[in-house]
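Enquirer: Take a look at this one; I'll ask things after.
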Amino acid sequence: MDDCVARCPPAQPTIVFDANTEFCWLEMIPGCYRMYLSGSNYICTECNAGNWVSSSNTCVACPGGCATCANPSLCTSCAGGHYLGGVCNTCSANCSSCTGATTCTACGNNTALHAGACVATCPAGTFRNGGVCSTCSADCASCTGAAACTACTNGALLQGGACVAVCQSGTFASGGICIDCPANCASCTGASSCTACANATTLHNGACLATCPAGFFASGGVCAPCSADCASCTGAAACTACVNGTLLHAGACVAACPAGFFANNAACSACSAHLRRLRGQLLGLHDDGR
């Protein structure tokens, strides 16, 4: 027994005998989908896609580019690479589908869709995203991806693939981009202009140092100068060596040692108890007029 099918194969059109009897015709009738016999002739009433029923009741292929048509001059849908305008017109170069002569909707030949056209390279301010040119993010003049700016506009600065108004801490603006500050520099205004230091270093003349130079001491993250005539110090009132012929005494640099002290290797050393007593006696004799 023959099987019942929903639709006959394209090469075997449906033949209609009466309202209740239909089967798939064994003979291939080009383009014909549905027909009936009139004597020894077949009469097509419906054609396969890409064909139309002629006045002689045969199926004739639609014009080139037509997917379906009502007659040779009226396409109803188009094949790929064409657009409908009564007949099917060829899309522009590299355009795989379109809705008009200048309105591509998809591209081929390794081109990308931009503003209804197929381009070999996406224009500035856009990037290739599959088969289309997508717009770069705000303030981004050029980019290679949605989060990969390569240049900025409107005064924005490039940092880490994004356009920012102000560079992040630890970086500085130069030529429209944010550049890392030098090593150990927490913030800076240029390659040699640190304003704050990190990693236990101390700021001195725009640089971050492990140790303050001679004549300076660490205070609040910066190298502060020692007091006058002080060659080295550990604090504002804590000299450890003096210059300019001065003498170190009690953390300060003095022109002469005070009473009870004498100059000893650029520092004031205390006189011994015996010498202090003798000095006292001599001063007493002087006071008695002897």
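Computed from the coordinates by the stated procedures, all read-outs in this text should not be read as laboratory data. If you're wondering where the values come from, they're calculated on a predicted model, not measured in any experiment. Neighbour counts run over all protein chains shown; Cβ positions are idealised from the backbone, glycine included.
Enquirer: How far, in degrees from 0 to 90, does helix 273-288 lean away from the longest principal axis of the Cα atoms of the chain, to the nearest 10?
Expert: 50
Enquirer: Residue-wise, which Karplus ³J(HN,Hα) couplings in Hz belong to region 44-57, taking 6.51 cos²θ - 1.76 cosθ + 1.60, θ = phi - 60°, and x for glycine or proline?
Expert: 3J(HN,Hα) across region 44-57, in whole Hz: 7, 10, 8, 10, 5, 3, x, 9, 9, 7, 7, 5, 8, 6.
Enquirer: What is the spin-label model distance, in nm, from Ala256 to Ala270 if the labels are put 7 Å beyond Cα along the C-beta direction?
Expert: 2.3
Enquirer: Further question: Give me the number: length gained by fully extending Thr189 to Ala124, i.e. 0.36 nm times residue separation minus the C-alpha to C-alpha distance, one decimal in nm.
Expert: Length gained, Thr189 through Ala124: 20.3 nm.
Enquirer: In nm, to one decimal, how far is the modelled label at Thr68 from the one at Asn110, with both set 7 Å along Cα→Cβ?
Expert: Computed distance between label sites Thr68 and Asn110 equals 3.8 nm.
Enquirer: Which label belongs to the value computed from this structure, given these candidates for Cα extents along the principal axes in Å: (i) 64, 40, 33; (ii) 94, 32, 31; (iii) 171, 45, 23?
Expert: Checked against the structure: label (iii).
Enquirer: Also: Assuming R0 = 51 Å, what is the FRET efficiency of Thr150 and Thr240, from their Cβ-Cβ distance, to the nearest 0.05?
Expert: In this case the efficiency is close to 0.40.
Enquirer: May I ask for the distance between the Cα centers of region 64-118 and region 172-223, given as a whole number of Å?
Expert: Result: 64 Å between the Cα centres.
Enquirer: Which residues' amide hydrogens lie under 5 Å from the amide hydrogen of Thr76, considering only partners 5 or more residues apart or on another chain, with H built in the peptide plane?
Expert: Thr68, Cys69, Ala70
Enquirer: So, one more: Placing +1 on the Cβ of each Lys and Arg and -1 on the Cβ of each Asp and Glu in the chain, which of Ala263, Ser187, Leu209 has its Cα farthest towards the positive end of the resulting dipole?
Expert: Ala263
Enquirer: Next question, about the same structure. So, R0 is 22 Å and r is the distance between the beta-carbons of Phe23 and Ser56; what FRET efficiency does that work out to, to 0.05?
Expert: 0.35
Enquirer: Give a residue-ordered list of calculated ³J(HN,Hα) values for region 204-216 (Karplus: 6.51 cos²θ - 1.76 cosθ + 1.60, θ = phi - 60°; whole Hz; x for Gly, Pro).
Expert: Going residue by residue, I get 8, 6, x, 10, 9, 10, 6, 9, 5, x, 4, x, 9 Hz, with x marking Gly and Pro.
Enquirer: Based on the Cβ-Cβ distance of Ser137 and Asn199, what FRET efficiency does E = 1/(1 + (r/R0)^6) give at R0 = 41 Å, to the nearest 0.05?
Expert: For R0 = 41 Å, the calculated efficiency reads 0.75.
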